[in-house]
Amino acid sequence: MSPEDTGPTEHKASVLRGALIGCGYISPRHIRAWEASTSAELIAVCDTNTDRVNAAARAANVSRTFTSVDDLLNDLGDELDFIDICVPPELHLQLVDQVSARGINILCQKPLAATLADSLAIAEIAEQRKIVFAINEMWKWIPAYALVWDYLKRGDLGDIQFVKFAGHSNLLLPRRDSAIFDEVADRPSSANRDALMPRFSAMPQLIVLEYGVHILDMFREWFGEPKELRATVGRVNPDLVGDDSAFIQLKYDFPVEMSLDWSVPGPETPDNIDGESLVIRGSCGVLTVFAGKWVEWHPTGEAVQRFPFPQDTRDAGFAQSHQDFANAVAAGTEPASSVTGNLATQGLVLSCYASDSADAWIPAPAAAVYGTATN
Ligand SMILES: NC(=O)c1ccc[n+]([C@@H]2O[C@H](COP(=O)([O-])OP(=O)(O)OC[C@H]3O[C@@H](n4cnc5c(N)ncnc54)[C@H](O)[C@@H]3O)[C@@H](O)[C@H]2O)c1
C-alpha cells in the first residue's frame, strides 16, 4: 500500500529518524517517549490495521503511514536510523530479521521472543548484522524503582537480608465490564477489550513472559544472576490458555520471593502498577515501594523518609529507555538493555516455566538461555 498523507511533519533540529511498527495497546507510550527524546524522532508509523496506523500517525504527528513492513522498508529503508518494533513477541523474530537485513538499528519491545529458539535466533542476527539492538525493558527506569536502584548502588541498605515483591492486577478478570476499562490509559473500553484479551487469552505462556519478565530483569540489574530458581505457575481465569499467576523464588546470598497474579478480585485499578509492592530489608534499614509510586526508606534507628512520585510514572520509564537506545545508536555503543543481558533475563523467564513443569529448583537459571548462546 502506498503511504497516505495524514498531515504535516515537524522535525526536531538534528536527530535520528525512526519508524514505529505496531500501533496497538502500548504504542501511545512509545509515541510519547519519542516526542520527549532530545535526539530521536519518528518519521513514519506502520501497522497492518489501517485505523490504528492512522490514529498513531495523528498522535505522532507524522505524515508517512504504512500497512506493510515491505512498503515501509522499500520507501524509507535508506533514510531510517532505527525502527521501534512494537508487535507481539511471537512476531519479533520475523520483523527483526527483515529490518536488520537493511542494517537498521532496532529497539524491540519485551519479551525478547516467545520461545528459546526465537530468542537465540534474534541474538545471533543482532550480533551478525552489527546493528544496535535494545529491548525496551523500562521497569527499572520507572522513577520509584530507579530510586531503589540508587540506594542499592550506594550500598545504603547494607547486607541484603530478603526481598519480597508482589504484583496483583485484575485487568484480566472474567467479570470485567466497560466501567473497568474506561479508565485504562490511551484506549476506550471496547478497544482495550479487543487489544488485550484476544492476544493474552491465546498465549500458552502469559504472566511470567509478559509481566514477570520486567521484574526479573530489574532484579538481574540490581542483584546480578541468581544461583537457583523455583517457580510454580497457575491459571485462575478459565478464558485463558496460559497462566495468570506465579510464585517465584530466587536464591542469591539472600532469598527473593515474587508473587504475581492477574486474576484476583480487588479494587478496580486502571494501572497494573497500582497493585505492586516491594520490600527490601537490609542490615541498615528497610526500603519499601508501594504501587510503583511511593518509596519509603526506614534506616535502622532513624526516622522514616517518604518519597512520592507522579501517579503515571511509566511514561518516564519509557522515555529513559528510548533515550538510552538513541544514545547508543548515536555513539555506536551497547545499550543498557542489550540483547546479551536480555538473553539472561529470558533465561529466568523460561526457567520459571521449566521449574514448574519439573516441580524442581533450576540451578544457574539465566544460563538456560545465556549459557547456550555463549557456549
Ligand atoms: N513495556 C511494557 O510495559 C509493555 C506493556 C504492554 C505490552 N508490551 C509489549 O509490546 C508488544 C506489543 O504489545 P501490545 O499489547 O501493544 O500488542 P497489540 O496486539 O495491542 O498491538 C500490536 C499491533 O501490531 C500490529 N501488527 C502485528 N503484526 C504486524 C506486522 N507484521 N506489521 C505491522 N503491524 C503489525 C497489530 O495490528 C497491532 O495493532 C508486546 O511485545 C508486549 O509484550 C510492553
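Just so it is clear, none of the values below were taken in a lab; they were calculated from the coordinates. Since the model is a prediction, treat every value here as computed from it, not as a measurement. Neighbour counts run over all protein chains shown; Cβ positions are idealised from the backbone, glycine included.
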Margin query: For the chain, what does the helix formula give at 222 nm: sum of -39500 (n - 2.57) over DSSP H segments with n ≥ 4, over the residue count, nearest 500 deg cm²/dmol?
Written below: -11000 deg cm²/dmol
Item checked: Candidates Gly242, Gly347, Gly212: whichever shows maximal mean-square fluctuation once the chain is modelled as a Gaussian network with Cα springs under 10 Å -> Gly242
Next item on the list: Taking each pair of different alpha-carbon atoms in the range 63-164 once, compute 1/r for the pair, average those values, and report the inverse of that mean as the Kirkwood hydrodynamic radius in Å to one decimal.
Entry: 15.8 Å
Notebook entry, point to check: Once you mark the trypsin sites (Lys or Arg not before Pro) that are in a DSSP loop and have at most 11 other Cβ atoms within 10 Å, what is the longest gap between them in the chain?
Noted result: 176-375
Next item on the list: Work out from phi, with θ = phi - 60° and the Karplus expression 6.51 cos²θ - 1.76 cosθ + 1.60, the ³J(HN,Hα) of each residue of the range 115-131, listed in order in whole Hz, and give x for Gly and Pro.
Entry: 9, 4, 4, 5, 4, 5, 5, 4, 4, 5, 4, 4, 6, 4, 8, 6, 9
Checklist line | About the Cα centre, charge dipole magnitude for the range 61-131 (Lys/Arg +1, Asp/Glu -1 at Cβ), debye | finding: 160 debye
Notebook entry, point to check: Per the Kirkwood treatment, what hydrodynamic radius in Å, one decimal, follows for the range 4-137 from the mean inverse distance over all distinct Cα pairs?
Noted result: 14.7 Å
Check: If one computes P(r) from the Cα atoms of the range 318-362, what percent of pairs lie at distances over 11 Å?
Finding: 69 percent
Note to self: What does the charge count around Ala358 come to, taking other residues whose C-beta lies under 14 Å from its C-beta (Lys +1, Arg +1, Asp -1, Glu -1)?
What the structure shows: -2
Check: Residue by residue through the range 17-24, which ³J(HN,Hα) values in whole Hz follow from phi under the Karplus form 6.51 cos²θ - 1.76 cosθ + 1.60 (θ = phi - 60°), with glycine and proline marked x?
Finding: 10, x, 10, 9, 10, x, 10, x
Next item on the list: May I ask which residue of Val96, Thr50, Gly224 lies farthest towards the positive end of the charge dipole of the chain, with charges of +1 (Lys, Arg) and -1 (Asp, Glu) on Cβ and the Cα centre as origin?
Entry: Gly224
Notebook entry, point to check: Using the 10 angstrom Cβ neighbour count as an exposure proxy, how do Val148, Val264 rank, fewest first?
Noted result: Val264, Val148
Margin query: With viscosity set to 1.002 mPa s at 20 °C, what whole-number translational diffusion coefficient in µm²/s follows for the chain from Stokes-Einstein and a Kirkwood radius over Cα pairs?
Written below: 100 µm²/s
